[in-house]
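Just so it is clear, none of the values below were taken in a lab; they were calculated from the coordinates. Predicted, not measured: the structure shown is a model, and the values here were computed from it. So basically every Cβ, Gly included, is an ideal-geometry build from the backbone, and we count neighbours across all protein chains shown.
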Amino acid sequence: MKRFYFFILGSLFSLQPFAQVANNTDYYRNPLGFPIQLAADFGELRTNHYHMGLDIRTQQVENKPVYAAADGYVSRVYISPGGYGNMMMVAHANGTNTLYAHLNKYYEQLTQYIKEQQYKSQSWEQDLTIPAGMFPVTKGQQIALSGNTGGSEGPHLHFEIRDSKTGNHYNPQLMGVHLPDNIPPISTGFFWYDRRFSTYQTGANVITLKKTSTDYATNLVRVSTPMVGLGIVAKDKTSNSPFYFGIYSAQVFLDGKQIFQFRLNNFDNAQSRYVNAGTDYKRIAQGGSKIQYLFVLPGNKLKIFDGTVGDGSINLTDTLVHEVLVKFADAEGNVSNIKSQIQFAPDSEKEPNLPTSNFQADPNRPGHLQIANASFIYTENTFYDIVPFNMTESPATSSLQKSPTINLGNSYIPVHDFYTVGVNYNGESSLKDRVVLQLKSGRNTSITKGTWSGTRLVGKFNRLGNVAIVLDTIVPNIIPVNVKDNMTLAETGRLVVRASDNLGDIRTFKGTVDGNWLLFSRRGNTFTYENDEHFPEGEHVVEFTVVDIAGNQTVKQFKIVKK
């Protein structure tokens with residue numbers, strides 16, 4: 001399964017100019033009322049995505065005032081139990097939007113408008129496009145309170161700057177949001193890869209780094225292959241924060257000629273998952289260090305690379321010693337260097353022990369696999385490199401499993417697009433409406449209701465692993481936190497309940513008073529109602545309804561008095 005990828009450079013990069021963003025030093029103000037101290041920077045490596053903004057610390061507390069970074073108007077509000085949590089965007093005259101996320105509360109007029117939309121649609125979750133000019137804001141106007149909502153793991157403000165036409169994210173530090181930083185980034189690991197083979201067939205080879213007075217150096221690196229790619233573990237630190245962050249850019253030079261460059265700026269959320277193509281995914285998934293590739297995999301379409309200089313491939317056509325220089329930098333312009341030498345040693349060349357497979361999945365090419373009890377369909381954007389792929393089936397492991405187990409590849413190989421898997425159902429026809437497709441991928445489990453195509457249940461996943469049809473007839477559980485029969489709801493009171501399910505996922509929750517919908521917010525599987533005008537005085541029946549992914553439903557009622 002050797003590779004010949006020299007043809008990709010022209011087709012992938014020839015029409016991709018490298019974007020430059022003007023640095024406007026005074027257009028945006030600090031969105032908080034105290035100096036910016038980061039918890040995360042733009043481009044930091046996260047699970048399945050690059051971090052697309054700045055995480056600004058809020059002094060370890062919630063409810064700090066959040067201010068509009070520039071004049072404009074509120075253009076979008078997004079409310080979700082995960083991800084951004086409570087988010088708002090402000091459109092500006094310079095063609096950008098600023099985004100503020102993990103908020104606790106919006107300013108009063110906007111809060112009332114959102115609440116009206118929630119009751120109108122009977123949904124706490126919202127994605128509202130706000131008419132232009134309905135809610136104008138001025139630079140420095142308080143627009144929200146900071147919080148810890150959504151996927152946040154501690155109080156902070158997530159702040160972004162986006163292009164209003166393309167939706168691309170700009171690195172705020174290149175747009176005038178400067179931080180005190182005179183500390184160059186550091187490297188804690190340097191590696192080489194045998195690029196004769198897929199990155200999923202061979203692993204990283206360690207190059208020992210030696211810290212010099214200002215930079216890094218290595219001993220002569222003798223490699224057993226003429227085709228080499230490099231990798232680096234690097235992190236950065238600002239002058240006023242105890243945390244380490246991601247780097248902004250990296251360049252590779254071979255014998256003085258630049259052959260690679262990336263800069264983390266000007267791309268959108270849809271591209272952010274390409275972090276799995278720019279890093280050693282298997283090593284990270286196994287708990288290892290976050291190695292960033294200093295070469296471009298053939299299926300990596302992320303537009304952060306300067307294709308005019310090359311794709312990072314080092315092709316050694318002789319046995320001479322060649323000079324290698326790696327420059328890596330932060331967004332404030334601090335630069336570090338790794339100086340090395342590399343030499344092809346044919347006498348050490350040997351074929352590695354490659355994994356066996358019954359199929360080869362190629363990047364940039366769709367495919368369709370079929371075995372006795374399942375099908376597997378993927379798009380041209382699914383794989384980043386050649387994948388030695390195995391698709392097999394094994395017997396069910398429990399009475400609740402209503403199909404064979406379909407073994408799809410290796411959980412340590414990433415996929416970009418959702419693939420489609422169809423599995424034959426072996427259970428009773430009367431139970432078809434209570435089964436789900438379940439994927440087990442390493443430590444992760446996902447379920448989907450799927451759709452029926454004859455006797456085959458079809459669903460979509462974006463991880464590889466083991467898929468099976470599982471019967472779920474167990475109803476979800478409703479756990480009152482502060483709710484009980486004949487309780488009194490205080491004027492400033494709240495109702496809090498939790499829900500749980502044997503398979504983990506709750507599909508819907510609804511709370512009503514005398515059949516009328518109430519606004520319950522969601523954090524994980526905890527649901528909270530804040531007393532408002534929609535709960536009338538007197539004695540009433542409050543009903544909670546929870547439905548899981550399979551469609552099982554639980555209903556609980558309580559008599560509650562409001563005085």
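Quick notes on this structure:
- Taking 15 Å as the cut-off, the amide N atoms of region 531-556 that come nearer than this to a point 7 Å along the Cα-to-beta-carbon line of Gln122 belong to 543-547.
- The Ile377 and Val206 beta-carbon pair, evaluated with R₀ = 41 Å, returns a calculated FRET efficiency of approximately 0.60.
- Cα shape, the chain, gyration tensor, a/c 1.5 rule: oblate
- Thr492-Thr47 pseudo-label distance in nm [points 7 Å out on the Cα-to-Cβ vector]: 3.7
- Cα gyration tensor category, rounded, prolate or oblate, for region 53-127 with a/c compared to 1.5: oblate
- Listed cross-link partners Lys120/Lys562; Lys282/Lys327; Lys484/Lys510; Lys290/Lys327; Lys165/Lys303 are compared with a 21 Å cut-off, the Cα-Cα value being larger for Lys120/Lys562; Lys282/Lys327.
- Packing-based exposure ordering (other Cβ within 10 Å, fewest first) of Phe359, Phe461: Phe359, Phe461
- Along region 512-528 the Karplus relation, 6.51 cos²θ - 1.76 cosθ + 1.60 evaluated at θ = phi - 60°, assigns HN-Hα couplings of 9, 10, 6, x, 9, 4, 10, 8, 9, 7, 10, 10, x, 10, 10, 10, 10 Hz to successive residues, with x for each Gly and Pro.
- Fraction of antiparallel bridges per DSSP, the chain only, in percent to nearest 5: 95
- A Förster radius of 30 Å, combined with the Cβ-Cβ distance separating Asn358 from Asp433, puts the computed FRET efficiency at roughly 0.30.
- Span from the region 501-549 Cα centroid across to the region 224-301 one, whole angstrom: 45
- Between Ala270 and Thr554, full extension at 0.36 nm per residue minus the direct alpha carbon distance yields a gain of 98.6 nm.
- Residues whose amide H lies under 5 Å from that of Val415, counting only those 5 or more places away or on a different chain, are Leu464; hydrogens are built 1.01 Å from N in the peptide plane.
- Each residue of region 446-460 was assigned a 3J(HN,Hα) from its phi angle through the Karplus expression (A = 6.51, B = -1.76, C = 1.60, θ = phi - 60°), giving 10, 10, 9, 5, x, 10, 8, 10, x, 9, 10, 8, 10, x, 10 Hz with x at Gly and Pro.
- In this simple spin-label model, placing a label point 7 Å from the Cα along the Cα-to-Cβ direction at both Lys510 and Val561 gives a separation of 2.9 nm.
- Tensor-based shape of region 38-174 (alpha-carbon gyration tensor, a/c under 1.5 rounded, otherwise prolate or oblate): rounded
- Our coupling estimate for region 200-217, obtained by passing each phi through the Karplus curve with A = 6.51, B = -1.76, C = 1.60 and θ = phi - 60°, is 8, 9, 10, x, 7, 10, 6, 10, 6, 8, 10, 6, 9, 4, 10, 9, 10, 9 Hz, Gly and Pro reported as x.
- Dipole axis of the chain (+1 Lys, Arg; -1 Asp, Glu on Cβ), positive-most option in Ile469, Asn86, His534: Ile469
- Ranking of Trp192, Trp517, Trp452 by count of other Cβ atoms within 10 Å, fewest first: Trp452, Trp517, Trp192
- Computed from the Cβ-Cβ distance with R0 of 56 Å, the FRET efficiency linking Ala396 to Lys139 stands at 0.35.
- For Lys432, a cut-off of 20 angstrom between C-alpha atoms picks up these aspartates and glutamates, skipping any fewer than 8 places away in its own chain: Asp472, Asp501, Asp505, Asp548.
- Degrees between helix 108-121 axis and first principal axis of the chain (Cα, 0 to 90, nearest 10): 80
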